[in-house]
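The values are calculated or read from the model by the stated rules, or taken from the named source; none is laboratory data. Everything numeric in this text was worked out from a predicted model, so none of it was measured. Here the Cβ positions follow ideal geometry from the backbone for every residue, glycine too, while neighbour counts run over all protein chains shown. Just so you know, the surface numbers come from the protein's heavy atoms only, side chains and all, with ligands and any DNA or RNA stripped out. Shrake-Rupley method; radii C 1.70, N 1.55, O 1.52, S 1.80 Å.
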Amino acid sequence: YAEQLLEEILRIQNHLTSWIQMSRGQIKLHISSFPLSDIFAIVEGSSQTFTLKGVKLNVQPTEVHVKADRALTLFMVNTLTDNARKFTEAGGTVSLSAEQREDYVEVSVADTGIGLSQQDIQLINDTKVYDPQKIGRPDTEKGFGFGIMNCRGIIAQLRKTSTRFACCQFGCSAQEGGGTRFWFRLPYVSTILAFLFSLQISATPIDTL
C-alpha cells in the first residue's frame, strides 16, 4: 500500500511539473517520424495493471507512422489509457486504436466506464485551464485533470511548431450507453517517407546530430 501511495504521489508531482513547464514554454519538442506500433506495444506490455482490476485492455494493431515527439506521444497514450482504467469497473474494456484520415492519424482511447457529463466534456474541450476539482465523476482522483491538461498542452505546443502540425487536435466525447472516448490527432507520414527519413538520419554524421 505504501509503495502504491508513493507511486501516486510521484505521478501527481510529475504531472504538476510537466504542466508548469508547458505553461512557461519550457517543454522542448523532439520531432521525428515513427510507427505508432512502438507506442502501442509499450502500453500493451503494461496490461497487468488492467488484468488485476478485471478490466480488459484491447490494443488494436496499427501500421501507421506519425510525425511528433515520440516520448510525449507515449505520455499522452499512457495517460489516457491509465485514466480509462481507473474509471472502468471490473468486467469493462479499454480500447486503444489508431485510424488514418487523409493527412492525419487519430489516436483513440475508449472505455466502457462510468462516463462523463456533458458539462465535463465541455470543460475538457473548451476551457483553457481545466480544473480537476470540477470534474463530475464520483471519487475523482486528484491528478486526472492535470494529465488531461498536459495532453492538451502537448497538442498546443505541436500546433505552434509549424503548419505541418495544423491538424493536431485533442478532444473528448461521450459514448452511447456510458463510457468515454478521448482522442488526439497527429500528422500522418507515409511508410515510404518514413523509410527515407530513417535512411537520412542513419546517414547523418554523429557529430552533427
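Of all residues in the range 23-76, those being of a type in the set (A, V, I, L, M, F, W, C), open to solvent by 70 Å² or more (accessible area, probe 1.4 Å) and over 14 Å from the mean Cα position of the chain (by Cα) number 1. Based on what the data block shows, is residue 105 on the phi < 0 side of the Ramachandran plot, touching a helix residue (DSSP H, G or I) at 6+ places or on another chain (Cβ under 6 Å) and of a type outside the set (S, T, N, Q)? No: the conditions fail for residue 105. Of everything in the range 156-191 that's closer than 20 Å to residue 96 by Cβ and modelled with pLDDT under 80, which residue is farthest from the chain's Cα centre (by Cα)? Applying the filter and picking the extreme gives 177.
None of 153, 145 is assigned to a helix (DSSP H, G or I), modelled with pLDDT under 80 and under 16 Å from residue 80 (Cα atoms) except 145. Condition test on residue 108, is it open to solvent by less than 80 Å² (accessible area, probe 1.4 Å) and at pLDDT 85 or above? In short, yes.
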